[in-house]
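Trainee: Just passing along the structure, written as structure tokens.
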Amino acid sequence: MTLPTAVSEPPAIPLDRVAALEDLTLTAWPCLRTIHHDGWVLRFARGHTGRANSVNVLAPGVLALKEKVAFAEQRYRDQSLDPMFRLTPLCPPELDGELERQGYALDNPSLVQVLDGLPPAGPDLPGVRVESRPSPEWIDAYAGMTGLSATRRSALAAILDAIAPATLYAAAVEDGEIRSVALGVVDRGHVGIFDVATRPDCRGQGLAGRVVGTLLRRAAGLGAASAYLQVAAPNAPALAVYGRLGFRTLYPYHYRRKAL
């Protein structure tokens with residue numbers, strides 16, 4: 001007689017660490033306008049990036065869920081933006097179903113990954129330069145690599161200008177041209193990695209690994225002991241790069257969006 005194989009439960013997501021990382025992310029990637037409403041933070045940034053233009057849940061609150069969704073939806077419509085919610089493990093479990101019932105479509109499933117223990121501080125990796133402020137060339141390179149419109153480019157520049165903690169802007173340069181970029185934000189012993197992009201004709205050459213690796217070394221020199229980043233779940237090439245650097249997934253999140 002063959003006994004059924006026991007199915008192990010997935011490890012519980014540490015909500016205290018999720019809350020700490022969400023707090024770091026809200027600081028590291030600011031928006032341009034904010035409304036706080038009963039434990040929810042409504043963020044607006046002219047449509048550039050989901051996390052800067054979505055509802056983020058920080059606390060349960062006391063108001064009725066449908067009432068809060070209606071309030072948020074109208075505020076985004078007032079800004080001519082699609083109403084959007086960023087759903088993390090901190091959200092009440094009934095929120096996702098309520099948004100689905102109201103016609104909010106699933107959008108951009110993503111992962112938060114962490115690296116516990118950075119490589120020791122050391123020289124920048126070959127071909128990588130780092131600056132403490134974003135040069136126009138860095139912004140132009142990122143905008144070109146990601147196809148940003150003029151409006152989104154302007155919003156990006158405003159967001160970068162609003163970042164309060166220490167910043168590190170890395171660029172892989174070859175033949176005088178920027179071929180890959182990444183941003184590191186150092187805050188409270190952590191470095192958040194943002195805006196990793198590589199020119200399409202230069203992908204697969206290890207450039208993203210070099211710019212991110214350099215940011216980790218620089219951040220260690222500024223006192224950071226761990227790193228975090230956010231990546232689209234279907235982005236296999238990016239996941240492979242981060243895996244080689246030692247990152248592991250801590251928790252998933254996704255968006256719910258309703259078209260205007």
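The values are calculated or read from the model by the stated rules, or taken from the named source; none is laboratory data. From a predicted model like this one, the values you see are computed outputs, not experimental measurements. Glycine also receives a Cβ, built like all others from the backbone with ideal geometry; neighbour counts cover every protein chain displayed. Protein only, heavy atoms only, side chains kept; ligands, DNA and RNA dropped before computing areas. Shrake-Rupley method; radii C 1.70, N 1.55, O 1.52, S 1.80 Å.
Trainee: Of everything in the range 160-180, what is touching a Pro at 6+ places or on another chain (Cβ under 7 Å) and assigned to a strand (DSSP E or B)? Give them in sequence order.
Mentor: Of everything in the range 160-180, just one residue is touching a Pro at 6+ places or on another chain (Cβ under 7 Å) and assigned to a strand (DSSP E or B), namely Y169.
Trainee: Could you check the range 36-48 and list, in sequence order, the residues that are outside any strand (DSSP E or B) and buried (at least 19 other Cβ atoms within 10 Å of the Cβ)?
Mentor: Selection gives A45, R46, H48.
Trainee: For the structure I just gave you, tell me whether V231 is under 23 Å from D140 (Cβ atoms) and open to solvent by less than 60 Å² (accessible area, probe 1.4 Å).
Mentor: So V231 does not fit the description; no.
Trainee: Let me confirm something: among L239, L216, L183, which residue is assigned to a strand (DSSP E or B) and touching a strand residue (DSSP E or B) at 6+ places or on another chain (Cβ under 7 Å)?
Mentor: Exactly one residue qualifies, and that residue is L183.
Trainee: Out of the residues in the range 242-260 meeting the condition of being part of a loop (DSSP other than H, G, I, E, B) and of a type outside the set (A, V, I, L, M, F, W, C), tell me which one is surrounded by the fewest Cβ atoms within 10 Å (Cβ to Cβ).
Mentor: My answer is G246.
Trainee: Do we have any residue at all in the range 116-132 that's more than 30 Å from A259 (Cβ to Cβ), among the polar types (S, T, N, Q) and out of contact with any Asp or Glu (no Cβ under 7 Å at 6 or more places or on another chain)?
Mentor: yes
Trainee: State which residue is surrounded by the fewest Cβ atoms within 10 Å (Cβ to Cβ) when the search covers only the range 160-174 and only residues that are touching a Ser or Thr at 6+ places or on another chain (Cβ under 8 Å) and among the small types (G, A, S).
Mentor: Checking each candidate, the answer is A164.
Trainee: Now a separate question. Counting only residues that are in a helix (DSSP H, G or I) and either under 17 Å from the mean Cα position of the chain (by Cα) or of a type in the set (A, V, I, L, M) (or both), which one in the range 219-236 is farthest from G97 (Cα to Cα)?
Mentor: Taking the candidates together, the pick is A220.
Trainee: Here's something else I'd like to know. Just to check your reading of the model, which residue among A28, A59 is at pLDDT below 95 and under 26 Å from G189 (Cα atoms)?
Mentor: Every option except A59 fails the conditions.
Trainee: In addition: Which pairs turn up if I take residues in the range 16-40 that are without any contact (Cβ under 8 Å) to a residue 60 or more places away in the chain and look for partners that are in a loop (DSSP other than H, G, I, E, B) and open to solvent by 50 Å² or more (accessible area, probe 1.4 Å) with beta carbon separation below 8 Å, at least 6 apart in sequence or on another chain?
Mentor: Qualifying pairs under 8 Å: R33/Q79; D38/V62; D38/L63; G39/L58; G39/P60; W40/L58.
Trainee: Now for a separate question. Can you say whether A182 is surrounded by 19 or more Cβ atoms within 10 Å (Cβ to Cβ), modelled with pLDDT of 95 or more, hydrophobic (A, V, I, L, M, F, W, C) and over 20 Å from L32 (Cβ atoms), as far as the supplied structure shows?
Mentor: yes
Trainee: Follow-up question, since we're still on this one. If we only count helices (runs of 4 or more DSSP H) wholly inside the range 59-159, which ones have 2 or more residues that are open to solvent by 50 Å² or more (accessible area, probe 1.4 Å) and in contact (Cβ under 8 Å) with a residue 40 or more places away in the chain?
Mentor: The helices (runs of 4 or more DSSP H) meeting that bar are 65-78, 136-146.
Trainee: Taking the condition of being in contact (Cβ under 8 Å) with a residue 24 or more places away in the chain, in a helix (DSSP H, G or I) and either closer than 17 Å to Y228 by Cβ or open to solvent by 10 Å² or more (accessible area, probe 1.4 Å) (or both), how many residues in the range 198-213 meet it?
Mentor: 7
Trainee: Just checking, does the range 22-32 include any residue being of a type outside the set (F, W, Y), over 14 Å from the mean Cα position of the chain (by Cα) and either surrounded by fewer than 19 Cβ atoms within 10 Å (Cβ to Cβ) or not in a helix (DSSP H, G or I) (or both)?
Mentor: Looking through the range 22-32, at least one residue is of a type outside the set (F, W, Y), over 14 Å from the mean Cα position of the chain (by Cα) and either surrounded by fewer than 19 Cβ atoms within 10 Å (Cβ to Cβ) or not in a helix (DSSP H, G or I) (or both).
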